[in-house]
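The values are calculated or read from the model by the stated rules, or taken from the named source; none is laboratory data. Only a predicted model underlies this, so the values are computations on that prediction, with no experimental measurement involved. Note that each Cβ is placed from the backbone with ideal geometry, even for glycine, and that neighbours are counted across all protein chains shown.
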Amino acid sequence: MSNIVSVANENGVAVVTIDNPPVNALSFHVRKPLYEALAALRDDPAAKAIVIACAGRTFVAGADITEFGKPLQQPELRAIIAFLETIAKPTVAAIHGTALGGGLELALGCHFRVADSGAKLGLPEVKLGLLPGGGGTVRLPRLVGAAKALSMIVSGVPVSAGEAKAAGFVDTVFEGDLIAQAIRFADEMVARGGPFVPVRDRNDRLAGTDLAAFGAQAAELARKARGLEAPLACAEAMRNAITLPFDLALAAERQLFLKLVSGDQSRAQRHLFFAEREAAKIPGKDLRKRQIARVGIIGAGTMGGGIAMALANGGLPVTLLETSEEALRRGLATIEKNYAVSVSRGSLSEDARQKRLGLFKGSTDYADLAGCDLIIEAVFEDMAVKKEVFGRLDAIARSGAILATNTSYLDVNEIAASTSRPQDVLGMHFFSPANVMKLLEIVRAEKTAPEVLATVADLARRIGKVAVVVGVCHGFVGNRMLAARGAENEALLLEGATPSQVDKAFTNFGWPMGPFQMGDLAGLDIGWRNRKARGQTAVIADTLCEQGHFGQKTGRGWYRYEAGSREPVADLEVEALIRTKAEELEIARREIGADEIIERTLYPLVNEGARILEEGIAARASDIDVVWVNGYGFPIGKGGPMFWAGLEGAGRIVERLEFWHGQTGRAIFEPAPALRRFAETGAWEVAGG
């Protein structure tokens, strides 16, 4: 056949093996020989059964995403699956590793599916702004029922082999030699005799589906979609699978797929898919990573405890250091409580909780950090305090240990200079809560060794974080741009908007919450403390903080919060305060619309991103998108601020920034040269190298 698809006859069972590393993606150069192999075997009397398997570490892990949106070369996946269903002899998919997207759809074209016990199976296309385009929405519900299929397809979350068997779309789960056992299984099916019914003709699980219950389930999923098109299209395709004949439902699925794949949302989500993988790459060939077997965390507060949990969740032993036994006990108790909540919610087993707690070692003695391979400082955001900590670490940490600061804003070069080993120092900016949030900004200091960056990037993958390497500046990428996004917030209020109007413009755009609700959630005292440290003021926010109104934790901030509730309620006293301050400053108030709110908040966000590129703080515009989607809630359907700038029209952004610069004279509205070039060429450049 070919070196990508081979066929071996094992005592009458034809084993078709796909070998297309690294993940056996179903690109054209796989599909063509696969189709030819199946065509040759269908009528081959020497083959009494067919097993489809894969070489390497996984079954087919999906389609070739780079082909999406391009003219499709034949045979396409749907044609291969349709052909599979014409084969009368038993066909068996032997699944190991992952069977995802097109890989699972290929398996659904077989009569039977057997899996290694460690396999994962799923249809994650929704995460690319798509629905399964190879019949997944029509075949899967015929095996597992409409409700289960809908939850799987809309979530996009893979299930284990055991779960797949329980649900009904894997027939047998094996331990040991999968191929040998798949061959035996095929022999047993031959001995049992046919006819062998293809999945397309199995309607028992769909018969009698409660359409009202399905509609309610779909409506709840639509509510959670927050403007994303793909989950709604998945629900529509699934309803077609229930109500239409198979071929009509299959054709309707294809039309929905084509509509999504050509749309901006899927383009944005596919951009993010590749951007995350690109962001994790560290320049330099054959970088030798250092071993990370134990991690030390300094500080058991909210941030330090969350970081410790993130590492323990990844299976790493953690030494947690505090200044006193009382603070240490408090921190460990919070960690235990957080894990107990996970057990009560069913997201963690009691056995897993005990194993994770067993990875923690508490201490109040710096000497206990001497054996750690990585030490992360998570103390108060104060340069003098952090430099003192790093001076102590320099004295006790073993040679070659990586020393990291969790600072959100401070100069990592200055921190590194307080040690005799600046090559081993970098920033690891986790986002709160650190055990939940995916983003990790890895801050590259001037003297950080490349292998240190590579080691920490690899660690990020181990603990399930999305890592982006950034340079040193105040606030790095995320918080520096956040400051630009929020620079006009108070001006908008003073000139006529209310906090709820601004927040509504943000949520209508697709953010999970607006800046004022987010401020109340984080605590207004954090920004107040930061402003005072930098000699800055915010006339309304400072007044609220002086009144002790710090947000949700005090029951009042930009909004009021009833006892025990996190639901924001408009505060008439805050609105009165805004009017009073506007009068004192002689600012005439007027109606401010949602378009103006977006222009004065998100356009400066993009503009600051352009400046960051010019300075070389970020290596790629796509890195900035990864930061903002994973760390700050920028809508994934818009692809991040730099991708969205292209959708919005960079020329328009430049034009409106120039208008607001003329109105206010504020520097955030002066268009950056990189933004002007983007408007001219349609491509982001990195002038800073």
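Annotations
- Phe516 being part of a helix (DSSP H, G or I) and in contact with a strand residue (DSSP E or B) (Cβ under 8 Å, 6 or more places away or on another chain): yes
- Residue check, Gly69 surrounded by fewer than 17 Cβ atoms within 10 Å (Cβ to Cβ) and in contact (Cβ under 8 Å) with a residue 60 or more places away in the chain: yes
- Selection count where residues are modelled with pLDDT under 95 and closer than 14 Å to Arg600 by Cα, scope segment 497-513: 0
- Selected residue (criterion: nearest to Leu492 (Cα to Cα)) from residues of segment 659-689 that are acidic (Asp, Glu) and surrounded by 14 or more Cβ atoms within 10 Å (Cβ to Cβ): Glu670
- Consider segment 633-658 and keep the residues that are in contact with a Pro (Cβ under 7 Å, 6 or more places away or on another chain) and of a type in the set (A, V, I, L, M, F, W, C). The one that is surrounded by the most Cβ atoms within 10 Å (Cβ to Cβ) is Phe634.
- Unmet requirement for Cys372, which otherwise passes all of (1) among the hydrophobic types (A, V, I, L, M, F, W, C); (2) under 19 Å from Val456 (Cβ atoms); (3) within 27 Å of the chain's Cα centre (by Cα): (3)
- When segment 605-632 is limited to residues that are of a type in the set (D, E, K, R) and more than 20 Å from Glu278 (Cα to Cα), the one that is surrounded by the most Cβ atoms within 10 Å (Cβ to Cβ) turns out to be Glu608.
- Those residues of segment 625-662 which are under 19 Å from Thr681 (Cα atoms) and either of a type in the set (Gly, Ala, Ser) or in contact with a Gly (Cβ under 8 Å, 6 or more places away or on another chain) (or both), in sequence order: Pro641, Met642, Ala645, Gly646, Leu647, Gly649, Ala650, Gly651
- Residue, nearest to the chain's Cα centre (by Cα), within segment 494-526, restricted to residues that are under 24 Å from Met383 (Cα atoms) and surrounded by fewer than 19 Cβ atoms within 10 Å (Cβ to Cβ): Ala522
Residues checked against (1) outside any helix (DSSP H, G or I); (2) within 19 Å of Leu140 (Cβ to Cβ); (3) without any contact (Cβ under 8 Å) to a residue 40 or more places away in the chain; (4) not polar (S, T, N, Q):
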| position | (1), (2), (3), (4) |
| --- | --- |
| Leu232 | no, yes, yes, yes |
| Met238 | no, yes, no, yes |
| Leu248 | no, yes, yes, yes |
| Arg254 | no, yes, no, yes |
| Lys259 | no, no, yes, yes |
| Arg270 | no, no, no, yes |
| Phe274 | no, no, no, yes |
| Gln291 | yes, no, no, no |
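- Checked against (1) assigned to a helix (DSSP H, G or I); (2) farther than 18 Å from Asp595 by Cβ; (3) under 29 Å from the mean Cα position of the chain (by Cα), Glu680 passes all but condition (3).
- Of the residues making up segment 593-604, none is in contact with a Leu (Cβ under 7 Å, 6 or more places away or on another chain), over 23 Å from Phe516 (Cα atoms) and buried (at least 24 other Cβ atoms within 10 Å of the Cβ).
- Checking each residue in segment 424-458 for being more than 26 Å from Arg356 (Cα to Cα), among the polar types (S, T, N, Q) and not in a loop (DSSP other than H, G, I, E, B) picks out no residue at all.
- Candidates Val197, Val170: the one that is under 19 Å from Gly135 (Cβ atoms), touching a helix residue (DSSP H, G or I) at 6+ places or on another chain (Cβ under 8 Å), at pLDDT 95 or above and among the β-branched types (Val, Ile, Thr) is Val170.
- Among the residues listed as Asp351, Asp424, Asp373, the single one being of a type in the set (Asp, Glu) and farther than 17 Å from Ile292 by Cβ: Asp351
- Every residue from segment 473-489 that is surrounded by fewer than 21 Cβ atoms within 10 Å (Cβ to Cβ) and among the hydrophobic types (A, V, I, L, M, F, W, C): Cys473, Leu482, Ala483, Ala487
- For segment 442-464, the set of residues classified as surrounded by 24 or more Cβ atoms within 10 Å (Cβ to Cβ) and closer than 20 Å to Gly304 by Cα consists of Ile442, Val443, Val456, Leu459, listed by residue number.
- Single unsatisfied condition, Asn3 versus (1) closer than 19 Å to Phe83 by Cβ; (2) without any contact (Cβ under 8 Å) to a residue 24 or more places away in the chain: (1)
- Count - residues of segment 276-289 that are among the aliphatic types (A, V, I, L, M) and in a helix (DSSP H, G or I): 1
- Out of Gly133, Gly109, one residue alone is out of contact with any His (no Cβ under 6 Å at 6 or more places or on another chain) and closer than 13 Å to Gly62 by Cα. It is Gly133.
- Only listed residue being at pLDDT 95 or above, assigned to a helix (DSSP H, G or I), touching a helix residue (DSSP H, G or I) at 6+ places or on another chain (Cβ under 7 Å) and over 30 Å from Ala434 (Cβ atoms), chosen from Gly651, Gly646, Gly662: Gly651
- Tally of residues being surrounded by 14 or more Cβ atoms within 10 Å (Cβ to Cβ) and farther than 14 Å from His111 by Cβ across segment 169-183: 6
- Count of segment 459-490 residues, restricted to those that are among the acidic types (Asp, Glu) and part of a loop (DSSP other than H, G, I, E, B), is 1.
- With respect to the conditions (1) buried (at least 16 other Cβ atoms within 10 Å of the Cβ); (2) at pLDDT 95 or above; (3) more than 29 Å from Gly193 (Cβ to Cβ); (4) within 28 Å of the chain's Cα centre (by Cα), Phe59 falls short on a single one, namely (3).
- When restricted to residues that are free of Cβ contacts under 8 Å to residues at least 40 places away in the same chain and closer than 24 Å to Ser408 by Cα, segment 534-543 contains 5.
- Residue that is assigned to a loop (DSSP other than H, G, I, E, B) and either within 18 Å of Leu482 (Cα to Cα) or more than 26 Å from the chain's Cα centre (by Cα) (or both), where the choices are Ile668, Ile624, Ile612, Ile587: Ile587
- Arg288 meets each of the listed conditions (1) out of contact with any Ser or Thr (no Cβ under 6 Å at 6 or more places or on another chain); (2) surrounded by 13 or more Cβ atoms within 10 Å (Cβ to Cβ) apart from (2).
- The set of residues from segment 184-205 being assigned to a loop (DSSP other than H, G, I, E, B) and buried (at least 17 other Cβ atoms within 10 Å of the Cβ) comprises Phe196, Pro198, Arg205.
- Qualifying residue in segment 85-103 (condition: free of Cβ contacts under 8 Å to residues at least 40 places away in the same chain, in the same structural domain as Leu140 (by TED's automatic domain parsing), closer than 25 Å to Val159 by Cα and not in a strand (DSSP E or B)): no
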